[in-house]
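Notes for the one structure printed next.
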Amino acid sequence: MRQLKLLEYALSALWRRKGKTTAILVVYVLTVAALASVLFLTQSLRTEAELLLRDAPELVVQRLAAGRHALIPEDYAAAIAAIPGVGKVQPRIWGYYYDALTKANYTLIGVRSKQGPMPLLAGRLPTGVDECAVGQGVAETRDVEVGDDLILIDGDNLGVSLEVVGVFSSESRLLTNDLIVLEDEALRQFFRLPEGEATDLAVQVHNPREVNTVARKVVRLKADARPITRSEILRTYDAVFNWRSGMLLSIFIAALSAFAILAWDKATGVSAEEKHEIGVLKAIGWDTGDVLLLKFWEGLALSLTAVLLGLLAAWIHVFWFGAPLLAMVVKGWSVLFPAFDLVPRVELQQLLALILLTVAPYVVATVIPSWKAAITDPDTVLRG
């Protein structure tokens, strides 16, 4: 009951100084919201990457020439498939295409003409050299739908007309937004790729624990091969998102500096009004411990309010509006990066660290200067 009464009095004291309280609260909320937005967005994108790569091949094998990614002979597939523990080895043909008309980069990928139906596709997959299926982003930027023609410029700088026979649904935007699917031979002709060579090999490994072992055997078998495991791709995404979020947090160091200055200013002294209030409380019988508890509750109430409002603002900014102020920096360069609903994912340890780094300094900065006034003789304080 005593603590509740102290909290009630602390809230009334904050309300009496509502101008100063509001100014501090606004800066506090903006600081917390900026930091929390970066953490929420980065963690959510990291989660999306994990979900997307869950069904990716356990192992992808590329070929290196002069230290760079080069086309890989398709006969490597038979040699790799002979390694114990390896299942199907699928040569893949894919590449990137820059569309000068929309100033966007598309991902072109080839499929086998006998491949079965694909979910989330309105229409069908291409079965001829003059057909294609496109993602929602491509369909919107090029204003095409099923039955329309899509014109691209091939490797010989000639226009190629492709009939759109399928459009991926909006539910698959994150996977297919910038995608154009062609039949394997059509894509080979488009990029002018030689027969018997592919972009890479997708390798199925029966036992996930043996992926690294198989990767080492691939290198011993083909010295110019570069195996890439799914876990390595996940670590790469994690490193990229950490670097970009760190860059944003560095930018927000100005906000942190402003908050530090605010806390320091708070710690350097108590206003004349607050000193007079402390003197009155001491004169009517409050002891030093009661005064410090009062100031503790004032600092804690203001801090927790600011943190909760800041976290709420960050949640709305990231998960309701898609983080428009931060998304382009964290997501990357793609013009056709899809609009998608970020999955809320918050690490408890990050949240606790954020609260500790913002609440504790302000509470301490509130209590310490009040201690000096609380131990001073009330008559001295009241006389100024």
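The values are calculated or read from the model by the stated rules, or taken from the named source; none is laboratory data. Note that the structure is a prediction, hence the values are computed from the model and not measured. Because the Cβ atoms are built from the backbone with ideal geometry, glycine has one as well, and the counts that use them run over all protein chains shown. Please note that ligands, DNA and RNA were not included when accessible areas were found on the heavy atoms of the full protein model with its side chains. Shrake-Rupley method; radii C 1.70, N 1.55, O 1.52, S 1.80 Å.
Before moving on, here are some points about what is shown:
- In this calculation the C-beta distance from Trp286 to Arg235 is compared with R0 = 51 Å, giving a FRET efficiency of 0.30.
- Near Leu7: Cβ cut-off under 13 Å, other residues only, Lys/Arg at +1 and Asp/Glu at -1. The net charge is 0.
- Ordered from highest to lowest accessible area with the whole protein assembly present and a 1.4 Å probe, Ser370, Ser161, Ser169 read as Ser161, Ser169, Ser370.
- FRET efficiency for Glu347 and Leu158, using Cβ-Cβ distance with R0 set to 41 Å, rounded to 0.05: 0.20
- Stretchable slack from Gln90 to Gln204, in nm (0.36 nm times residue separation minus alpha-carbon distance): 40.2 nm
- Note on Arg192: accessible area is roughly 110 Å² with a 1.4 Å probe, heavy atoms of protein only.
- Rg/Rh ratio calculated on Cα atoms of the range 59-229 (Kirkwood radius): 1.01
- Per residue accessible area in Å² of the range 50-107, where ligands, DNA and RNA are left out and the probe is 1.4 Å: 54
- Taking the protein heavy atoms of the range 1-128 in the context of the full set of protein chains, the accessible area attributed to carbon and sulfur is 64 percent at 1.4 Å.
- The range 193-208-the range 8-32 distance, computed between alpha-carbon centres (Å): 62
- Averaging the sequence gap over all C-alpha pairs within less than 8 Å and six or more residues apart, then dividing by the number of residues, gives the range 59-229 a relative contact order of 36 percent.
- Listed peptides 194-207, 294-307 by packing density, highest first (mean Cβ within 10 Å): 294-307, 194-207
- Coarse-grained scattering of the range 15-120 at q = 0.15, 0.16, 0.17, 0.22 Å⁻¹, given as base-10 log I(q)/I(0) from a Debye sum over alpha-carbon atoms: -0.99, -1.07, -1.14, -1.29
- Hydrodynamic radius of the range 69-108 per Kirkwood, over alpha carbon pairs, in Å: 12.8
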